[in-house]
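Worksheet: one structure, shown below.
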Amino acid sequence: MQKNRPHHSRPVRWMTACLLCLGLLPLWAQAMPGLWQAQKGEQTLWLLGSIHVGTASLYPLDSAIMQTWQQADELILETDLRQLDGAAQQELLQLGRLPAGQNLADRLPSPLYRQAVQAAQRQHLPPETLQPLQPWFAALTLTQVAMQQAGYQAQYGVDEFFVRQAQISGKPIVGLEQPIDQFRYLAGLREHELAFLQNTLEQLPSLSTLLPDLIQAWQAGDTQRLLTLLNEEQGPPELRDYLQTQLLEQRNLRWLPQLMDARHQKAFVVVGALHLHGPQGLLALLQQAGYRVAPILAETAS
């Protein structure tokens, strides 16, 4: 048992770090930033579209964001990583690792496996690190390393920034879902997981140039620029449809009753930016539920 501990602890660290980057996989899942206010009766929600990784240069945030934050009594996030207890970590290990006796080389077509190995080597990551991982988690691992090497870290993500602000001010932090839930969505890729890995491998070479462009567009609220940057990063239609449904729309519908809970009187909500927009976005769903929704920071037009 003793010799197995290093093998278990490393995937847990990778999994925890990758949770904060989930919204960047594939990269099209971040778009249309803005700060919005939703009011109904005595309740006020302020919703900020987030990016999950960044650099120190992302700060300070716009003064309107910080002034709005000061009015809130609590912080609501997609998930609160402090809830990642020992039992959840064990489930993460089971979800992210292949069954005993299997390895990634056996699960992938030879050309795709060679691509994964080459990507690991370019990032100075020993290819054997990927061998015990499920294809979807190998994709997360490669992306995490690439982002770190490009200088982008989860600690500079907008979510983590507000976690620190909440801890400083003593404001409660509420997670809309458990950390383990986010991995269950990706573990459910099944027939799409090879396309997920393939799409990730195709994105990696452009990551170091795409990320700064994305962050600049996010800071400027330049929706059209974001859409232009992300237009070719969507992957095959089947994968895009799955992620659109499972990672965005279904989660929004599960989150909505929690956001509408009257206990959240003045809440600052920070979620991946694309969760706010579209017919099944949180802004539209709140409006349909009788909230008055208006922008505090309007998005710019190109």
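The values are calculated or read from the model by the stated rules, or taken from the named source; none is laboratory data. Note that the coordinates shown come from a computational prediction; the quantities given were computed from them, not determined experimentally. Glycine gets a Cβ as well: all are built from the backbone with ideal geometry, and neighbour counts include every protein chain shown.
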- Query: With the stretch 124-206 as the region, which helices (runs of 4 or more DSSP H) entirely inside it contain at least 3 residues that are of a type in the set (Val, Ile, Thr)?
  - Reply: 135-149, 158-169
- Hey, can you tell me all the residues within the stretch 59-92 that are surrounded by fewer than 16 Cβ atoms within 10 Å (Cβ to Cβ) and in contact with a Pro (Cβ under 7 Å, 6 or more places away or on another chain)? Gln83
- Condition check for Ala56: modelled with pLDDT of 85 or more and crowded, with 21+ Cβ neighbours inside 10 Å: no
- Query: Within the stretch 67-104, how many residues turn out to be within 23 Å of Ile173 (Cα to Cα), without any contact (Cβ under 8 Å) to a residue 60 or more places away in the chain and among the hydrophobic types (A, V, I, L, M, F, W, C)?
  - Reply: 1
- Restricting attention to the stretch 126-147, which residues are under 15 Å from Thr200 (Cβ atoms) and without any contact (Cβ under 8 Å) to a residue 40 or more places away in the chain? Leu130, Val145
- From Ala154, Ala195, residue being over 30 Å from Pro257 (Cα atoms), buried (at least 16 other Cβ atoms within 10 Å of the Cβ) and among the small types (Gly, Ala, Ser): Ala195
